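The values are calculated or read from the model by the stated rules, or taken from the named source; none is laboratory data. Please read these numbers as outputs of a predicted model, since none were measured by experiment. No Cβ is skipped: glycine too gets one built from the backbone with ideal geometry, and neighbour counts run over all protein chains shown. Each accessible area value is taken on the protein alone, full model and side chains, heavy atoms only, with ligands, DNA and RNA left out. Shrake-Rupley method; radii C 1.70, N 1.55, O 1.52, S 1.80 Å.
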Amino acid sequence: MRRERSFRSVVSIGLLLFIVKFAYDYIFFLIDRAQRARDITDSSPAELPENSIGWVLIMSYFFVLVTSFSAALLVEWVHKGKERIRLEKQKTEAELKALKHQINPHFLFNSLSFIYGKVIKLDKETADSILMLANIMRYAFGKNTRIDGTVNIMDELEHLKNVIEINQRRHNHQLNICYDEQIDDQSTSIIPLVLITLVENAFKHGDLHDSAHPLTIRINTSVDELLFDISNKKGKGLKELSNGIGLQNIRQQLILTYGNRSTFLIEESELHFNVSLTITFPV
């Protein structure tokens, strides 16, 4: 496709240059011939025959045509050179960003391991929380991701439960959470962090201290379907959850990965915020 576009560009530029040159020379030729016709006399020296002039013009325009396409090739070569430099610059910047992402997690995990070793002698629960956090972060950086970009549902749920446990510890186990799972097919795969992001949004924006309105999480999987529902009472703070970047990213990922085999529904009332996710798998 790129070669076809390049070929068309060269041909277009070459023909454009040739037409401009041809028009300029032809107009100049007509003006010159008219001038010579007015000045010609019987005593004038013999001029080149008409057929000789024709051959001269043919050779001249053949030279112009070759020059035009050469100029077009030069323009295309310069354009490709600039494009290649731009792509190489973008590649270099991407490699530098990737290198930073490799360095930072490595430093972070080593630091967490160091802190864990220091804290475990003083407070086992805090040390376990640090280890749990490190495992969640390793998972978030794609430790368990497959070639197709998905993870096993059991891995996602393991770290989802860790997120719940860490938040419970932060709030001295005072949060009201109802969690229910029924996993009929443990080989089910899903995009990583989708379910975890939905749970994190509930912790961030919901009021989970009201025992009459607990955070409710339900997950069911079968051979051909995954169902996930989460509902929480709204907090008194920010109300922009339905327009949050995290939910927009989830919706976009689902569309790109599953197309019309997934539904992502958001229902919002004055008191509650509910999200339902359904993914259908081909059998």
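Within the set of pairs 6+ apart or on separate chains, which have a first residue in region 176-205 that is more than 18 Å from Gln252 (Cα to Cα), a second that is open to solvent by 40 Å² or more (accessible area, probe 1.4 Å) and aliphatic (A, V, I, L, M), and C-beta atoms under 8 Å apart?
Pairs that qualify, where the first residue is more than 18 Å from Gln252 (Cα to Cα) and the partner is open to solvent by 40 Å² or more (accessible area, probe 1.4 Å) and aliphatic (A, V, I, L, M), are Ile183/Met154; Asp184/Val223; Asp185/Val223; Gln186/Met154; His205/Leu238.
Have a look at Asp210, Asp180 and point out the one that is surrounded by fewer than 19 Cβ atoms within 10 Å (Cβ to Cβ), in contact with a Lys or Arg (Cβ under 9 Å, 6 or more places away or on another chain), modelled with pLDDT of 95 or more and of a type in the set (D, E, K, R).
Numbers: Asp210 fails: modelled with pLDDT of 95 or more.
Going through Asp210, Asp180 in turn, the sole match is Asp180.
Is there a residue being part of a loop (DSSP other than H, G, I, E, B), touching a strand residue (DSSP E or B) at 6+ places or on another chain (Cβ under 8 Å) and among the aliphatic types (A, V, I, L, M) anywhere in region 154-166?
Of all residues in region 154-166, those part of a loop (DSSP other than H, G, I, E, B) come to none.
No, there is no match, as no residue in region 154-166 is part of a loop (DSSP other than H, G, I, E, B), touching a strand residue (DSSP E or B) at 6+ places or on another chain (Cβ under 8 Å) and among the aliphatic types (A, V, I, L, M).
Return yes when Glu95 is part of a helix (DSSP H, G or I), surrounded by 12 or more Cβ atoms within 10 Å (Cβ to Cβ), acidic (Asp, Glu) and modelled with pLDDT under 75 and no when it is not.
Taking the combined requirement at face value, the residue does not satisfy it.
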